[in-house]
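First comes the structure, then the notes that go with it.
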Amino acid sequence: MTAGAEMEALLEKPEIDHLFVEFTDIDGVSRSKQIDADYARKKWREGFSVNLLMLAVSSMTDVPENTGYGEAINFADGVAIPDPETCRRLPWRDDAARVICEFEFRGEPVEVYTRRVLQRVLADAREELGAAFGVGNELEFHLLDSTDDGYEPVTDHPHEYVTRQTERVRTFYNEMKRWNDAMGVPVESIQHEYGAGQFEVLFDYAPPLEAADRAFTFREVTKEAAATEGRKATFMAKPLTDSSANGYHLHVSAFDGSENRFADDDSLSATGEAFVAGLLEHADALVALGCPTINGYKRFTPGSFSPYTRSWGYNNRTAAIRVPESTPIRIENRIAGAAANPYLVAAGTLAAGLHGVRAELDPEPPVSGDAEGQRPTLPRSPEVALRALETDEELTAMLGEEFVDVFTTVKRHQLDLFNDHVTDWERRYIQVL
């Protein structure tokens, strides 16, 4: 049975009343349209109208001007077309299913839709490297309890790997694991991370598009599992001043049959080194893609396991690009924060690495020990990172000029709003000024 036929069979079940047609905005936030199941079963191949402007707004639905997706097209609708391979019954509801969609406008793919950006990079990658990429996701998040003053971590100290602290959230974990399995996201492990209330989850390798779908799904399922206990799961990079930050580590492998294109015995091959060199060459632009909000830049701090410098190393957690001591050899990009759009993290990583391979770039020597002070720092300012992205000719060509233009427009709009906002920290000076 084809995936389309399986989706139609699911929608024919008498208990299924709704289909959520889901997509990401440019920041990676889940948005959806709820369709009657009978109507969806008949019309899914044609797709469903959705305001195209939703692909070019911020995570807070701020609407910037001059993206080309608002007034320039009379605020027109696009067409969201379900990808039946992604259709799953929602495990926390008895009456609904969900499917991730593609986007078209006037019969053509929408090039700024981030799932489409990754698909375009993958087409180049297959032609360029002639190898099958595998991607593993490693995501950190905070689990918080609501208080009268806001939120506080469910655990009170940085109990990294401490068993009884992970056990304190076993009911949440059990539900989160069960629901993710039902949604096609095979969670492999969970551990308490260094920060209070901070956890890290790993799930199995997959082809890049499927891996990005999994990361997108995992975040929504995890938030839903937390909500059932009256808690808040957040992938915000730095949700608490006195806690460690949440990272998104992307592990990449490349195989041509049984040949690991990144490996030469126990070290990187020339192809692997060129891939690393490409990541370093475009690291500042990758920061822009990996920090969907201004908060993401607070993750880059010295003296932590968050990346701070444009560096790489063997099994070195202080480097931005790490080659773990593992079999098979793989390359880990540690730049992005956990709130980043998974399709852009994967697309940016593959595009940067492929440019390194294409140009036969050589990386500088790997760092040993703490990378701080040994290499240039990563951008701590969104303006610097955005400028790096829009002036990066190679990355822009691979991601798409239209996408980069819309992305930087949305980000600068967010930056302007933030710069005009007076924060609680600033208001403290009312007492003395």
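The values are calculated or read from the model by the stated rules, or taken from the named source; none is laboratory data. Quantities reported herein were computed from a predicted structural model and do not represent experimental measurements. Virtual Cβ from ideal backbone geometry, glycine too; neighbours counted across all protein chains shown. Only protein heavy atoms, including side chains, enter the accessible area calculation; ligands, DNA and RNA are left aside. Shrake-Rupley method; radii C 1.70, N 1.55, O 1.52, S 1.80 Å.
Scan region 184-205 for residues that are open to solvent by 10 Å² or more (accessible area, probe 1.4 Å) and either modelled with pLDDT of 95 or more or in a loop (DSSP other than H, G, I, E, B) (or both) and jot them down.
Scanning region 184-205 gives 184, 186, 193, 194, 196.
List, please: which pairs have Cβ atoms under 8 Å, are six or more places apart or on different chains, and start with a residue in region 143-170 that is more than 15 Å from residue 191 (Cα to Cα) and end with one that is of a type in the set (Val, Ile, Thr) and surrounded by 14 or more Cβ atoms within 10 Å (Cβ to Cβ)?
Every condition considered, the pairs that remain are 144/154; 144/234; 145/154.
Only one of these is in contact (Cβ under 8 Å) with a residue 60 or more places away in the chain and either touching a Cys at 6+ places or on another chain (Cβ under 6 Å) or closer than 30 Å to residue 336 by Cα (or both): 17, 27. Name it.
Values: 17 fails: either touching a Cys at 6+ places or on another chain (Cβ under 6 Å) or closer than 30 Å to residue 336 by Cα (or both).
It is 27.
It is to be established whether one or more residues within region 69-91 are assigned to a strand (DSSP E or B), open to solvent by less than 50 Å² (accessible area, probe 1.4 Å), closer than 30 Å to residue 160 by Cα and not β-branched (Val, Ile, Thr).
No, region 69-91 contains no residue that is assigned to a strand (DSSP E or B), open to solvent by less than 50 Å² (accessible area, probe 1.4 Å), closer than 30 Å to residue 160 by Cα and not β-branched (Val, Ile, Thr).
Restricting to region 46-64, name every residue that is farther than 12 Å from residue 75 by Cβ and assigned to a helix (DSSP H, G or I).
Result: 55, single match.
Quick one: would you say residue 397 is touching a residue at least 40 places away in the same chain (Cβ under 8 Å) and either open to solvent by 10 Å² or more (accessible area, probe 1.4 Å) or under 19 Å from the mean Cα position of the chain (by Cα) (or both)?
Details: touching a residue at least 40 places away in the same chain (Cβ under 8 Å): no; either open to solvent by 10 Å² or more (accessible area, probe 1.4 Å) or under 19 Å from the mean Cα position of the chain (by Cα) (or both): yes.
Judged against the criteria, residue 397 is not a match.
Of the residues 111, 104, 160, which single one is outside any loop (DSSP other than H, G, I, E, B) and among the charged types (D, E, K, R)? Talk me through it step by step, then tell me what you get.
Working: 111 fails: outside any loop (DSSP other than H, G, I, E, B); 160 fails: outside any loop (DSSP other than H, G, I, E, B).
Being outside any loop (DSSP other than H, G, I, E, B) and among the charged types (D, E, K, R) holds for just one of 111, 104, 160, which is 104.
For region 99-134, enumerate the residues that are open to solvent by 20 Å² or more (accessible area, probe 1.4 Å) and among the aromatic types (Phe, Trp, Tyr).
Of everything in region 99-134, those that are open to solvent by 20 Å² or more (accessible area, probe 1.4 Å) and among the aromatic types (Phe, Trp, Tyr) turn out to be 105, 133.
Got a sec? Which of 245, 237, 233, 254 is over 30 Å from residue 295 (Cβ atoms) and in contact with a strand residue (DSSP E or B) (Cβ under 9 Å, 6 or more places away or on another chain)? Can you show your working first?
Values: 245 fails: over 30 Å from residue 295 (Cβ atoms); 237 fails: over 30 Å from residue 295 (Cβ atoms); 233 fails: over 30 Å from residue 295 (Cβ atoms).
Step by step, each of 245, 237, 233, 254 is checked, and only 254 is over 30 Å from residue 295 (Cβ atoms) and in contact with a strand residue (DSSP E or B) (Cβ under 9 Å, 6 or more places away or on another chain).
Mind listing just one residue for me: the one in region 381-433 that is β-branched (Val, Ile, Thr) and not in a helix (DSSP H, G or I) and, of those, farthest from residue 65 (Cα to Cα)?
Looking only at region 381-433, we keep the residues that are β-branched (Val, Ile, Thr), and these are 384, 391, 396, 404, 406, 408-410, 422-423, 430, 432.
Now drop any that are not not in a helix (DSSP H, G or I), which leaves 391, 422-423, 432.
Values: 391: 21, 422: 23, 423: 25, 432: 39 Å.
Step by step, filter region 381-433, then rank; the result is 432.
What pairs can you find where one residue is in region 100-114 and touching a residue at least 24 places away in the same chain (Cβ under 8 Å) and of a type in the set (A, V, I, L, M), the other is assigned to a loop (DSSP other than H, G, I, E, B) and surrounded by fewer than 23 Cβ atoms within 10 Å (Cβ to Cβ), and their Cβ atoms are less than 8 Å apart, with a gap of 6+ or different chains?
If the second residue must be assigned to a loop (DSSP other than H, G, I, E, B) and surrounded by fewer than 23 Cβ atoms within 10 Å (Cβ to Cβ), the pairs left are 100/83; 112/400.
So that you can scan it fast, the table gives a plain yes or no per residue for (1) open to solvent by 40 Å² or more (accessible area, probe 1.4 Å); (2) of a type in the set (D, E, K, R); (3) under 20 Å from residue 140 (Cα atoms); (4) touching a residue at least 12 places away in the same chain (Cβ under 8 Å):
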residue	(1), (2), (3), (4)
297	no, no, yes, yes
324	no, no, yes, yes
375	yes, yes, no, yes
384	yes, no, no, yes
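So which of 166, 171, 222 is of a type in the set (Val, Ile, Thr) and at pLDDT 95 or above? Let's see the steps before the verdict.
Numbers: 166 fails: at pLDDT 95 or above; 171 fails: at pLDDT 95 or above.
None of the other options fit; the residue is 222.
So which residues in region 1-25 are open to solvent by 50 Å² or more (accessible area, probe 1.4 Å), assigned to a loop (DSSP other than H, G, I, E, B) and within 14 Å of residue 39 (Cβ to Cβ), if there are any at all?
Correct list: 17 only.
What are the residues in region 253-288 that are free of Cβ contacts under 8 Å to residues at least 24 places away in the same chain and polar (S, T, N, Q), if any?
Within region 253-288, 258, 269 meet the criteria.
Among the residues of region 335-366, which ones are touching a Pro at 6+ places or on another chain (Cβ under 8 Å) and open to solvent by 10 Å² or more (accessible area, probe 1.4 Å)?
339
May I ask you to list pairs of residues, at least six apart or on different chains, whose Cβ atoms are under 6 Å apart, with the first in region 200-215 being farther than 17 Å from residue 255 by Cα and of a type in the set (Phe, Trp, Tyr) and the second being surrounded by fewer than 20 Cβ atoms within 10 Å (Cβ to Cβ) and at pLDDT below 95?
Pairs found: 203/186; 203/188.
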